[in-house]
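A short write-up of the structure that comes next.
The values are calculated or read from the model by the stated rules, or taken from the named source; none is laboratory data. All figures in this text were calculated on a predicted structure; none of them were measured in a lab. So basically every Cβ, Gly included, is an ideal-geometry build from the backbone, and we count neighbours across all protein chains shown.
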Amino acid sequence: MQFLQNLAYQPIFGFPVIGYLGIFSYLFLIAAALVMVLTRRRIVKIKPKYHFILARITIILATVHGILALSVYV
């Protein structure tokens, strides 16, 4: 568990890893939603395959982010 705690707060360019994971999770969530909104409003034709890829990446990033956040308290 100590490894996860150290990894969570390992600074990269002065910002902890857990912060980057949270930011990237949010950005991928917005991107996945944007793909469907743009497609449904017929602004841009994007295949649903890309929505599902972005959603899977979001789930993975958010899960790792959550595990690292909880490891600090365990």
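On the basis of being of a type outside the set (G, A, S), within 16 Å of F52 (Cβ to Cβ) and touching a helix residue (DSSP H, G or I) at 6+ places or on another chain (Cβ under 8 Å), does M1 make the cut? Break it down stepwise before answering.
On the way: of a type outside the set (G, A, S): yes; within 16 Å of F52 (Cβ to Cβ): no; touching a helix residue (DSSP H, G or I) at 6+ places or on another chain (Cβ under 8 Å): yes.
When the stated conditions are applied, M1 does not pass them.
Taking the range 25-74 as the search range and keeping residues that are modelled with pLDDT of 95 or more and among the aromatic types (F, W, Y), which one is surrounded by the fewest Cβ atoms within 10 Å (Cβ to Cβ)?
Filtering first and then ranking leaves F52.
Please give the number of the condition G22 fails out of (1) surrounded by fewer than 11 Cβ atoms within 10 Å (Cβ to Cβ); (2) modelled with pLDDT of 95 or more.
(1)
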